[in-house]
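Asks: First the structure, then my questions, so here it is.
Bear in mind these aren't lab numbers, they're just calculated from the coordinates by the rules spelled out. Everything numeric in this text was worked out from a predicted model, so none of it was measured. FYI the Cβ positions are ideal-geometry reconstructions off the backbone, even for glycines, and counts take in every protein chain you see.
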């Protein structure tokens, strides 16, 4: 006999953990299902840290969501009595007309955000660990910083459980169906029934939502930790998170974090990526071709960092054609909510979009400004 819940959440990584928390906090009977364990390293929500920022260069429409996200992260910290966000700032560097520089300035201007505009020499003098190319401009956002990614996922899951959610791990989903009034989800061991379903399946979204033929592309994204040779890179030395857009504009983008332990710092390439056919079979080995572009970037812009990685991890991006998210209800089944295609820049939104998923699953609408993330924009 099928077990009955109010809402089922399929996938409990970054976004699913946020959805489960917000749903359970509202007093609903919530079931969360995941084919892996809690805060696992098989998808997109692992690797120690994620940048969070307000002056969003990808599009100004994200800023109202980010302001809400900051508030909800603070609420979660207060409820759990655990620090999840470190405000160390973010330095963006690139040519004046680059997406990062021009986009951040546009978002800051439209939404009245606090940023500082710096010359290349001023940025290098302020943070001696950087060597900012002379032709570049820099933008510093003091309210930015980083989230501890696994801690955020675990805290959302722990608080969801504290509010009464049932979470089942190592429980692969075989199928789901909807009548528009109820959903049925079958795993390898049992069956469940609920009024609504939230699908936050990460890199498995295209297969879980095969009926929609979503235009999603999965990219393999290696992430690296490199040894430092100077205390200038340490978090305690006021080192910020950073993002460099190297010419030609948009072709080579790199991001990173201050050293949290005084020995290594994390750096990765945001651009590029090898297309993955099956997220279960992704190559997690280290290859010279993975390291070469980042090593060249480090020699140019972070000369006090040794260019041979001390360790690495492999992340997955699930990318839409326009690199904006999909947050919507299923076009045929209004009691099925979809969150996917976060395109390598979504994690910071897991607090606020978890709330949006809860709204959509319970009332069919949300007051949060997610209209620009509608599935309809990708039709055809």
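Asks: Tilt of helix 288-301 relative to the longest C-alpha principal axis of the chain, in degrees (0 to 90, nearest 10)?
Replies: In the chain, helix 288-301 runs at an angle near 50 degrees to the longest axis.
Asks: Show me 117-126, 251-260 ranked by packing, highest mean number of other Cβ atoms within 10 Å first.
Replies: Listed from highest to lowest mean packing, they are 251-260, 117-126.
Asks: Along Cα→Cβ, 7 Å out, is where each label goes; now give me the distance between the ones at residue 377 and residue 77 in nm to one decimal.
Replies: Result for the modelled spin labels: 3.0 nm.
Asks: Let me ask something else. What percent do you get for the relative contact order of the chain when only Cα pairs under 8 Å and 6+ apart count?
Replies: 24 percent.
Asks: Still on this structure, please answer the following. Just to confirm the number: angle between the C-alpha axis of helix 14-25 and the first principal axis of the chain, 0 to 90 degrees, nearest 10?
Replies: Result, in degrees: 50.
Asks: Can you pull the one-decimal nm distance between simple spin-label points at residue 213 and residue 363, each 7 Å off the Cα toward Cβ?
Replies: Result: 3.6 nm between the two label points.
Asks: Quick check on the stretch 1-142: of the DSSP beta bridges with both residues there, what percent are antiparallel, nearest 5%?
Replies: 70
Asks: Any chance you could run the full-extension gain for residue 323 through residue 292? It's 0.36 nm times the residue separation minus the Cα-Cα distance, nm to one decimal.
Replies: Result for the pair: 8.6 nm of gain on full extension.
Asks: Still on this structure: Can you give the FRET efficiency for residue 179 and residue 311, using 1/(1 + (r/R0)^6), R0 = 45 Å, r = Cβ-Cβ distance, to the nearest 0.05?
Replies: In this case the efficiency is close to 0.40.
Asks: Counting DSSP beta bridges with both partners in the chain, what percentage is antiparallel, nearest 5?
Replies: 70
Asks: Taking the Cα centre of each part, how many Å lie between the stretch 313-327 and the stretch 147-194?
Replies: Centre-to-centre distance over Cα atoms comes out at 22 Å.
Asks: Counting only DSSP beta bridges with both residues in the stretch 161-302, tell me the antiparallel percent, nearest 5.
Replies: In the stretch 161-302, DSSP labels about 95 percent of beta bridges as antiparallel.
Asks: In the Gaussian network model of the chain, springs joining C-alpha atoms below 10 Å, which of 19, 104, 78 carries the largest mean-square fluctuation?
Replies: Ranking 19, 104, 78 by mean-square fluctuation puts 78 first.
Asks: Beta carbons within 10 angstrom, averaged per residue: use that to sort the peptides 176-188, 55-67, highest first.
Replies: Taking the mean over residues of other Cβ atoms within 10 Å, the ranking is 55-67, 176-188.
Asks: Tell me the relative contact order for the stretch 298-380 as a rounded percent, counting alpha carbon contacts under 8 Å between residues six or more apart.
Replies: 26
Asks: Going by alpha carbons, how many degrees (0 to 90, nearest 10) lie between the helix axis of 149-162 and the longest principal axis of the chain?
Replies: 30
Asks: Express in nm, to one decimal, how much length is gained between residue 238 and residue 281 on full extension, taking 0.36 nm for each residue of separation and deducting their alpha carbon distance.
Replies: Result for the pair: 11.5 nm of gain on full extension.
Asks: Return the single residue from 341, 112, 16 with maximal mean-square fluctuation; model: Gaussian network over the chain, springs between Cα atoms under 10 Å.
Replies: 112
Asks: Which one, 352, 174, 337, has the greatest fluctuation when you compute a Gaussian network model over the chain with C-alpha springs under 10 angstrom?
Replies: Maximum fluctuation in the GNM of the chain, among the listed residues, is at 174.
Asks: Just checking my list (1) 72, 46, 39; (2) 70, 51, 38; (3) 66, 46, 44 against Cα extents along the principal axes in Å computed from this structure; which label fits?
Replies: This structure yields the entry labelled (3).
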